[in-house]
Amino acid sequence: MKVLKFGGTSVGSTKNLHKITDILKSDNENKIVVCSAMSGVTDELIRVTEKMRDQNFDAISRQLYFLKEKHIEVVETLIVDSDIRDELKNYLSEVFSEIFEWSSETFSETVKSKIITCGESVLTHIFSGYLNSIGIENLLLNAKEFMHVDSVDNPNIDKVSFLLNEVLNTKTQSKLYITQGFVCRDINNQISHLRRGGSDYSATIIAAAVGAKEVQIWTDINGLHNNDPRYVSNTYPISHLTYKEASQMAYFGAKILHPQTVSPVKEKEIPVWIKNTFEPNEFGTLISNKVYQRGLKAISAKDGIITINIKSNGVLLAHKYFKKTFDIFDKYQISIDMVTTSEVEISLTIDENTKHLHKLVDELRRFSKVVVNKSSSIICIVGESLLEDKSCSKIFDILNCIPLKMISFGACSNSISILVDTKNKVYALKYLNKKLFNQHPEKYITSAI
């Protein structure tokens with residue numbers, strides 16, 4: 001069994017859905033296909049939930065009509081069989097009427113999740129219907145029946161496995177299953193979601209649950225690049241990464257992967273491929289436990305970072321001061337990305353979208369002087385056995401060009417992180433790309449060390 005995930009751009013038009021169909025026909029292996037919503041649809045549904053607060057039902061109605069017509073156009077263009085086409089159009093009318101009814105309810109995170117996860121549902125219904133209409137037999141699975149992850153940060157794979165196998169055993173066996181990414185249920189059995197970009201995560205959770213042979217994540221780029229191609233020219237795809245390297249890149253800003261994508265599959269050693277829907281013959285990136293090349297591999301960057309500088313007011317002894325400080329972060333379940341300490345000072349970074357920031361700072365100020373600074377970015381340099389690569393010393397040449405606010409190495413031996421003002425991020429990425437890679441493409445390595 002393989003698990004294939006197709007992202008929003010890959011499913012974003014009838015032309016692209018034809019490309020996906022060709023990929024599915026390229027081999028006869030059993031597959032579970034995980035689909036995102038069409039590109040831009042989730043954003044539109046989020047806007048619907050924002051208008052709920054203002055009870056702007058006219059605007060909601062117009063927005064939902066636009067989305068319904070967008071999908072109806074796909075159905076009419078894609079599907080020749082009139083019975084299947086009419087059935088899908090009726091389904092779309094029902095779904096968007098239901099979304100409008102939900103929008104009149106009192107706003108809650110559950111209602112929001114029910115609405116914003118509908119994009120995946122309508123796309124998979126359309127795609128499954130299309131495949132059946134051209135003679136490619138498949139079964140449509142409802143992810144809400146088995147994606148009971150309990151916790152987004154620590155999904156209950158055993159529970160998902162039990163429920164998914166129960167669903168599969170009650171259905172007619174098929175070589176091809178279609179299901180939705182992004183959507184899940186929480187520990188209270190309420191509809192929830194795996195955060196933006198979560199369809200990647202859905203695919204690896206499902207792969208771990210069924211013990212898949214491999215995961216293929218199909219996107220619009222030829223694998224994970226050695227730097228951010230949005231800001232830096234002459235980047236290139238990396239042929240092989242370890243789970244640790246890929247995790248570091250995803251966590252620190254590589255947009256092509258959800259930050260937790262590899263966590264469900266690394267213990268089971270299920271390889272993950274990153275492939276390009278529009279250039280399927282390109283090698284892409286293979287993520288596994290094998291080390292194909294040591295040393296420097298890639299650079300990624302994460303924006304929206306807040307720096308908190310905490311200085312003891314002298315009331316507490318050093319060991320009690322550190323414990324009390326980090327207990328407060330634990331109390332509010334706030335994750336820390338980088339941290340440096342001295343005898344009486346702590347500097348650390350957190351995400352700017354962190355909840356309870358004001359409460360956190362208020363508690364810290366009871367026994368410390370606290371300074372909060374926004375608009376920072378973390379730049380992460382990644383590679384297995386990084387310090388064995390002598391070229392890594394060039395990282396610190398950047399000190400001659402821009403000020404660094406923090407440097408972190410040691411907790412993870414395959415990455416070095418530096419903190420810069422966001423206004424300096426693009427320059428730093430370009431500078432490091434030139435210094436560290438000299439703009440020479442990586443040679444593909446085919447044998448593991």
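For the stretch 345-361, backbone phi angles converted through the Karplus equation (6.51, -1.76, 1.60; θ = phi - 60°) give residue-by-residue couplings of 10, 10, 10, 8, 10, 9, 6, 5, 8, 4, 6, 6, 4, 5, 5, 4, 5 Hz, Gly and Pro being listed as x. In terms of the mean number of neighbouring beta-carbon atoms within 10 Å, the peptides 304-314, 198-208 order highest first as 198-208, 304-314. Expressed as a whole percent, the accessible area of the stretch 274-408 that falls on carbon and sulfur atoms is 48 (1.4 Å probe). Taking every DSSP helix (H) stretch of at least 4 residues in the chain, weighting each as -39,500 (n - 2.57) and dividing the sum by the residue count yields a mean residue ellipticity at 222 nm of -11500 deg cm²/dmol.
In terms of Cα atoms, the Rg and Dmax of the chain work out to 23.7, 77 Å.
Annotation: lysines with alpha-carbon distance below 24 angstrom to K320 (same-chain offsets under eight excluded): K311, K331, K359, K369. Protection proxy ranking of 36-45, 174-183, by the mean of other Cβ atoms within 10 Å over each peptide's residues and highest first, is 174-183, 36-45.
Helix 425-437 versus the longest principal axis of the chain: what angle, 0 to 90°, nearest 10, using Cα atoms? Roughly 80 degrees between the two axes. Near the amide H of S375, within less than 5 Å, lie the amide hydrogens of I305, all on another chain or at least 5 residues away, with H placed in the peptide plane. Any idea what % of Cα-Cα pairs in the stretch 1-99 are farther than 25 Å? Roughly 31 percent, rounded to a whole number. Judged by the mean number of other Cβ atoms found within 10 Å, the most tightly packed of the peptides 81-93, 217-229 leads the ranking 217-229, 81-93. Take every DSSP beta bridge whose two residues both sit in the chain; close to 60 percent of them are antiparallel.
Taking 19 Å as the straight-line reach from the Cα of K268, the aspartates and glutamates in range (excluding those fewer than 8 positions away in the same chain) are D153, D158, D200, E214, E245.
If you sort the three axes of the alpha carbon gyration tensor as a ≥ b ≥ c, you get a/c of 1.5 or more for the stretch 255-353 and a/b above b/c, which makes it prolate.
Computed from backbone phi with θ = phi - 60° and the Karplus coefficients 6.51, -1.76 and 1.60, the 3J(HN,Hα) list for the stretch 117-127 is 9, 6, x, 5, 4, 5, 5, 5, 4, 5, 5 Hz; x is used for glycine and proline.
In the stretch 1-46, a dipole from Cβ-located charges (positive for Lys and Arg, negative for Asp and Glu) runs towards its positive end, and of M38, N28, G8 it is N28 whose Cα lies farthest in that direction.
Would the stretch 66-223 count as rounded, prolate or oblate if I go by the C-alpha gyration tensor, calling it rounded below 1.5 in a/c and otherwise prolate when a/b exceeds b/c, oblate otherwise? Oblate, since a/c reaches 1.5 and b/c is not below a/b.
Annotation: amide H of V149 within the under-5 Å range of R185, sequence separation 5 or more or interchain, hydrogens built in the peptide plane. Distance from the C-alpha centroid of the stretch 325-387 to that of the stretch 211-254: 27 Å, rounded to the whole angstrom. Per residue, the accessible area of the chain comes to 47 Å² when a 1.4 Å probe rolls over the protein heavy atoms.
Round to a whole angstrom and tell me the spacing of the C-alpha centers of the stretch 70-101 and the stretch 123-174. About 21 Å separates the Cα centre of the stretch 70-101 from the one of the stretch 123-174. Counting only protein chain heavy atoms and rolling a 1.4 Å probe, the accessible areas of T170, T422 rank, largest first, as T170, T422. The dipole here belongs to the chain: it is taken about the Cα centre, uses +1 on the Cβ of Lys and Arg and -1 on the Cβ of Asp and Glu, and is about 1560 debye.
Ordering M338, V370, I381 by Cα displacement along the dipole of the stretch 333-392 toward the positive end leaves V370 in first place; charges were set at the Cβ atoms of Lys, Arg (+1) and Asp, Glu (-1).
Checking the Cα-Cα distances for K290/K430; K25/K89; K255/K425 against a 21 Å cut-off, the pairs over it are K290/K430; K25/K89. Helix 199-210 and the longest principal axis of the C-alpha atoms of the chain enclose an angle of approximately 80°.
With respect to the chain, whose longest principal axis is taken over its alpha-carbon atoms, helix 157-169 is tilted by about 10°. Placing unit charges on the Cβ atoms only, positive for Lys and Arg and negative for Asp and Glu, gives the stretch 180-274 a dipole magnitude near 140 debye about its Cα centre. Between A59 and N169, residue separation times 0.36 nm minus the direct Cα-Cα distance comes to 35.2 nm. Applying the Karplus relation 6.51 cos²θ - 1.76 cosθ + 1.60 with θ = phi - 60° to the stretch 103-112 yields 3J(HN,Hα) values of 5, 8, 6, 5, 4, 8, 5, 5, 5, 4 Hz, where x marks Gly and Pro.
The values are calculated or read from the model by the stated rules, or taken from the named source; none is laboratory data. Every value quoted in this text rests on a predicted model; they were computed, and no experiment measured them. Please note: Cβ atoms are built from the backbone with ideal geometry, for glycine as well, and neighbour counts cover all protein chains shown. Only protein heavy atoms, including side chains, enter the accessible area calculation; ligands, DNA and RNA are left aside. Shrake-Rupley method; radii C 1.70, N 1.55, O 1.52, S 1.80 Å.
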